[in-house]
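Read through the structure below, which is laid out as structure tokens, and then see the notes.
The values are calculated or read from the model by the stated rules, or taken from the named source; none is laboratory data. Bear in mind the structure is a predicted one, so any value in this text is a computation, not a measurement. Cβ placement follows ideal geometry from the backbone for every residue including glycine, while neighbour counts extend to all protein chains displayed.
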Amino acid sequence: MQEYIFINGQFVKSQEAKIHVTDLALLRGYGIFDFFRAINGKPIFMEDHLDRFENSARLMGLTIPANRVALRNIIQETIRLNPYPTLGIKMILTGGYSPDGYVPAEAPNLIVIGKPFTFKEPKQGLKLLSFAYQREIPAIKTLNYIVPIRLLPQLKAAQADDVLYYANNLISESSRSNIFIVKNQTIVTPQTGVLYGITRKHVLKVAAKHYAVEERDISLAEYWEADEVFTTGSTKRLLPIVQTDDVIFNKGKIGTITQHLQEAFLAYEKGVG
């Protein structure tokens with residue numbers, strides 16, 4: 001199927017989509033993005049993602065060359081032109097064609113990509129590798145993924161799926177998702193030093209209907225003693241973490257609370273979108 005990409009005011013065939021080498025995203029890694037899904041033509045939590053995209057742009061000092069109505073229209077046209085049952089939609093805003101290779105351009109480049117998307121098996125437990133690191137600007141979804149990409153060989157050697165970031169003896173997040181622990185039927189997720197994930201937001205809403213929920217600091221010691229651990233994100237929904245380093249949670253199996261929340265969140269997502 002021919003795929004189409006929106007770039008700077010027009011849709012073009014994916015193989016024809018180009019930006020110039022002077023773009024600040026290439027020269028300095030300066031840019032932001034956001035990602036969400038459309039299922040059977042229905043964008044999931046689109047307004048939340050647009051809110052975050054606009055906030056990231058504001059914090060980075062970039063002006064989106066389209067208002068909210070125009071962004072919605074671009075997304076709907078992306079869905080129409082790329083009619084996959086599950087579509088991953090990535091919005092990218094770069095620093096534009098810098099006049100000196102350092103200062104952002106007056107006109108950023110806006111790109112919207114739609115690609116077919118497949119979820120991981122929801123009951124498959126994940127393994128994390130802990131790593132001492134704190135993202136520089138946690139509130140912004142930047143293009144900078146240098147650290148986790150450099151760690152890919154270590155992850156492969158450890159047969160791990162992703163990393164668990166920690167700093168000052170406190171955990172924060174994974175490279176592309178938020179972290180939750182369960183202890184004595186209370187669900188806890190870090191509040192500081194993390195990107196406020198959209199899936200995180202809605203899982204908290206769903207979880208609060210059934211369990212005690214806390215947003216606060218979580219020490220490494222508390223993490224290691226968790227009854228269950230799970231992660232949330234637009235590419236994962238909600239998946240169990242069954243191991244981190246050499247510590248195995250819940251005997252390496254999905255916990256009852258995690259499984260309950262998987263089912264409850266899936267039903268919620270279908271109803272809200």
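Residues that are exposed (fewer than 14 other Cβ atoms within 10 Å of the Cβ) and either under 27 Å from Glu54 (Cβ atoms) or touching a Phe, Trp or Tyr at 6+ places or on another chain (Cβ under 9 Å) (or both) occur at least once in segment 149-161. Report whether or not Thr256 is of a type in the set (Val, Ile, Thr) and buried (at least 19 other Cβ atoms within 10 Å of the Cβ). No. Picking from residues in segment 191-212 that are of a type outside the set (A, V, I, L, M, F, W, C) and out of contact with any strand residue (DSSP E or B) (no Cβ under 6 Å at 6 or more places or on another chain), the one that is nearest to Asn250 (Cα to Cα) is His210. Return yes or no: is Pro122 modelled with pLDDT under 95, surrounded by 14 or more Cβ atoms within 10 Å (Cβ to Cβ) and farther than 16 Å from Asp34 by Cβ? Yes. Scanning segment 224-243 for residues that are buried (at least 24 other Cβ atoms within 10 Å of the Cβ), over 16 Å from the mean Cα position of the chain (by Cα) and within 19 Å of Ala167 (Cα to Cα) yields one hit, Val229. One residue alone among Met1, Met46, Met91 is in contact with a Phe, Trp or Tyr (Cβ under 8 Å, 6 or more places away or on another chain) and modelled with pLDDT under 95, and that residue is Met1. Within segment 205-217, can one find any residue that is basic (Lys, Arg), under 29 Å from Ile89 (Cα atoms) and at pLDDT below 95? Checked segment 205-217: no residue is basic (Lys, Arg), under 29 Å from Ile89 (Cα atoms) and at pLDDT below 95.
Taking every residue in segment 8-33 that is in the same structural domain as Phe53 (by TED's automatic domain parsing) and closer than 11 Å to Gly101 by Cα and pairing it with any residue that is outside any strand (DSSP E or B) and aromatic (Phe, Trp, Tyr), at least 6 positions away or on another chain, the pairs with Cβ-Cβ distances below 6 Å are Leu24/Tyr30.
Quick check on this structure: which one of Thr199, Thr142, Thr232, Thr192 is among the β-branched types (Val, Ile, Thr), closer than 26 Å to Phe36 by Cα and modelled with pLDDT under 95?
From the options Thr199, Thr142, Thr232, Thr192, the qualifying one is Thr192.
Here segment 237-264 is the region considered, the condition is being assigned to a strand (DSSP E or B), closer than 20 Å to His210 by Cβ and not hydrophobic (A, V, I, L, M, F, W, C), and the residue that is modelled with the lowest pLDDT is Arg237. For a quick check of your reading of the model, give me the residue pairs whose first member lies in segment 155-184 and is in the same structural domain as Ile198 (by TED's automatic domain parsing) and farther than 18 Å from Ile248 by Cα, whose second is charged (D, E, K, R) and assigned to a strand (DSSP E or B), with beta-carbon atoms closer than 8 Å and at least 6 apart or on different chains. Every condition considered, the pairs that remain are Ser175/Asp162; Arg176/Asp162; Ser177/Asp162. The residues in segment 133-150 that are under 15 Å from Val163 (Cβ atoms) and either in a loop (DSSP other than H, G, I, E, B) or not β-branched (Val, Ile, Thr) (or both) can be counted, and the count is 8.
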